[in-house]
Amino acid sequence: MPVAGTSSGESDRARRWCVALALFAIVALGAVLRRWGWESWSYWLDESLQLFVASHPARQILALLRNERNHPPLDFFLTHLGLKISASPLVLRWLPAFFSLATLPLAFLRCGGARRSFAALGAALTLAVVPIAVHQGQELRAYAQAFFWVALADVARTQHAESGGKRTLLLQIGASVAAVYSLYISLFALAATWLGDGLLGWKTTKSRWRLLAVPAVTALAFAPWVLAVRTNLTRANEIAAPKLSLRLVETFAVGLVADRQPDTRYAAGAIAIWALALFGASRSADRERARSLIEISTIVALTTAFLLVTNHWFEIRYFFFALWPLSRLVGEGLASVASLAPRRQTAVFAFAAIALVAAELPGLVENSRWGRPDWRLPARYLAFQTRSGCGGPVIPADWWSFMLLNAQRMNDELTLPLEDPRLTADALRRGMESARGGWISRAEFGGSEADSFLETQSLPWARFERADNVKLYRFENGAIVPP
C-alpha cells in the first residue's frame, strides 16, 4: 500500500529504488567474496595449463587444444586477450570474477526481477555466497564464463516465451553456442532447459519450431569443433571414476551448497540450505517448481552418466550448473519465509538472508585460506638459491611442473632459465650432463617416465607441501646432490 501523503507511483518508484540498491549490495558482496584470499594463492595446475596455452598465438591455441581435447577454445582466447594486459593472477582473476558477478543480475531477472523482488533477490544472493560459485568465480578457468552463458540463454528463453521477438531468440541461440564453446559439460545444463521446454511447453506453445531450432542450431554450430578433436576424445583419463555409494552422494550434496569440494564438514549449513530449497519448491508455482526439479535432476543425471561412461573422476565443479535452478528454489524459499509475516516481510527476508550468509560463512572462510595452493614458493626458493650461488637451469620432469614454473616466470618470479620438459629418463640424464649444474622440478601428479626415474633417487632437496608437494632436486656434474 502507498504511504499516506504519497501517490502510488511515488511509492512504486521508491520500492524499485530499494530493490535496485539491494541488488547492488548483493553484487558488491559477491565481488568482495570473490576477491577474498587472492594474495594467499598462485595459479594452480589447471590454471597454469590455461595460462600456458593462452600465451601462444591464436592458431597455436587451436592446435594445442585439439590435441589436449578436454577444453573448447572460447575461454582460452579470452585469457589470451587478458595476457596483453598482465599475466598476474591479481589481474587475470577478474576475468572469471566478472562473469560470475554478471550472472547475479541474470538470476534476479530469471526469477521475475522487481515484480517478485524477494524471490529474485534471494536467487541472486544464493549465487553470490555459495562457496563453489565463489570458488569458480576466482579461478582462471571456463566454469564462470560457461555458467554465465547458460544463465543468459535461460533468461532469453523465458523472455522469448513471454513476449516473443527475434532478438531474444537470437540471444538464446548465441548464448547457447557460446556456452558449449566455453565448456563441454555446459551442454548438460542447456539440455536440461530444452527438456523442460519439451515436457512443459510442447502441447501449449504456438511456436514448436523454436523448441527444436535452438538445440539444432547449437549442435550444428558446435559440430566443427567436435569434428576437429574427435580423434583425441577416446583417450583414457588418468584418474578413474569412483563407485557410486550413499556416502559419495552425501559428500556431494553437502559440498554443492556449503563447500567447494565433496565433504561433510559443513553438513549443518547444507541441511538448512536444502531445507530452504525444499520449502521454496513446496511454495512455488506448479510450472516453475516442475521446471526447476526437471533441470536439477537432468543436470545431475547427465553429468553422473557422462563421468561414469568415460571413467572420469568426480569433482563438485562438474555438477556446478545445478546451482542455476537450485538458486531459484532457494530464492523462493527466502521469499516464502518472508511471506509468513505479511506485515514485516522486509525485516524477515533480511534476517533470513543474513542467516543464509552465516550458513555459508565457514565454507567461505576455508576457501579464502586454502582455496588454492601457493606455487610461488618453489620459484621464490629458486630465486633465493640463485642469490646464494646455486644457479643453473631448471629441468622440469613433467608438464605440470613446467607449466607451474612457467606461470611464475611470466610474473618475473622465476629467476633461473626454464628448459622444455625432459619427459624420459634418458632425456633427463642428458640434460643433467649437459647443464653440469642446476635443478630438477617435479610435480606430485606428473606421471612421466622422468618422474618415475626420480622416485628411485635420493630424497629431494626441497619439498613444498603448500604447493601440492612440488619437489626440487639439485644436481651437479650429472648426479643428484643429496641434501
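Every test in (1) buried (at least 21 other Cβ atoms within 10 Å of the Cβ); (2) more than 27 Å from GLY371 (Cα to Cα) is passed by PRO417 save one, and that test is (1).
Taking the criterion of being over 30 Å from LEU65 (Cβ atoms), in contact (Cβ under 8 Å) with a residue 24 or more places away in the chain and of a type in the set (Ser, Thr, Tyr), the residues of region 156-213 that qualify are THR158, THR205, SER207.
I'm checking my understanding of the structure. Among residues of region 196-233 that are at pLDDT 85 or above and either of a type in the set (Val, Ile, Thr) or in a loop (DSSP other than H, G, I, E, B) (or both), which one is surrounded by the fewest Cβ atoms within 10 Å (Cβ to Cβ)? Taking the candidates together, the pick is VAL226.
Annotation note: of LEU293, LEU256, LEU278, the sole residue that is closer than 24 Å to VAL134 by Cβ, out of contact with any Phe, Trp or Tyr (no Cβ under 7 Å at 6 or more places or on another chain) and at pLDDT 95 or above is LEU278.
If you check ALA153, ALA178, which single one turns out to be in the same structural domain as GLY269 (by TED's automatic domain parsing) and buried (at least 24 other Cβ atoms within 10 Å of the Cβ)? It is ALA153. Comparison of THR158, THR168, THR126 shows that the only residue that is under 25 Å from THR264 (Cα atoms) and either polar (S, T, N, Q) or not assigned by TED's automatic domain parsing to the domain that holds PHE188 (or both) is THR126.
Any chance region 352-372 includes a residue that's touching a His at 6+ places or on another chain (Cβ under 8 Å) and either hydrophobic (A, V, I, L, M, F, W, C) or surrounded by fewer than 23 Cβ atoms within 10 Å (Cβ to Cβ) (or both)? Scanning region 352-372 turns up at least one residue that is touching a His at 6+ places or on another chain (Cβ under 8 Å) and either hydrophobic (A, V, I, L, M, F, W, C) or surrounded by fewer than 23 Cβ atoms within 10 Å (Cβ to Cβ) (or both).
Checking each residue in region 40-61 for being of a type outside the set (Ser, Thr, Tyr) and in contact (Cβ under 8 Å) with a residue 40 or more places away in the chain picks out TRP41, TRP44, LEU45, ASP46, GLU47, LEU49, GLN50, LEU51, PHE52. Please go through (1) closer than 22 Å to PHE349 by Cβ; (2) in contact with a helix residue (DSSP H, G or I) (Cβ under 8 Å, 6 or more places away or on another chain) for CYS18 and return the number of the only condition it doesn't satisfy. CYS18 satisfies every listed condition except (2).
When LEU302 is tested against (1) over 24 Å from LEU190 (Cβ atoms); (2) buried (at least 18 other Cβ atoms within 10 Å of the Cβ); (3) not β-branched (Val, Ile, Thr), only condition (1) is not met. I'd like the residue in region 8-65 that is in a loop (DSSP other than H, G, I, E, B) and in contact with a Ser or Thr (Cβ under 6 Å, 6 or more places away or on another chain) and, out of all such residues, is surrounded by the most Cβ atoms within 10 Å (Cβ to Cβ). Across region 8-65, the extreme among qualifying residues is GLY37.
The values are calculated or read from the model by the stated rules, or taken from the named source; none is laboratory data. Every value quoted in this text rests on a predicted model; they were computed, and no experiment measured them. Ideal geometry is used to build each Cβ from the backbone, glycine not excepted, and the neighbour counts take in all protein chains shown.
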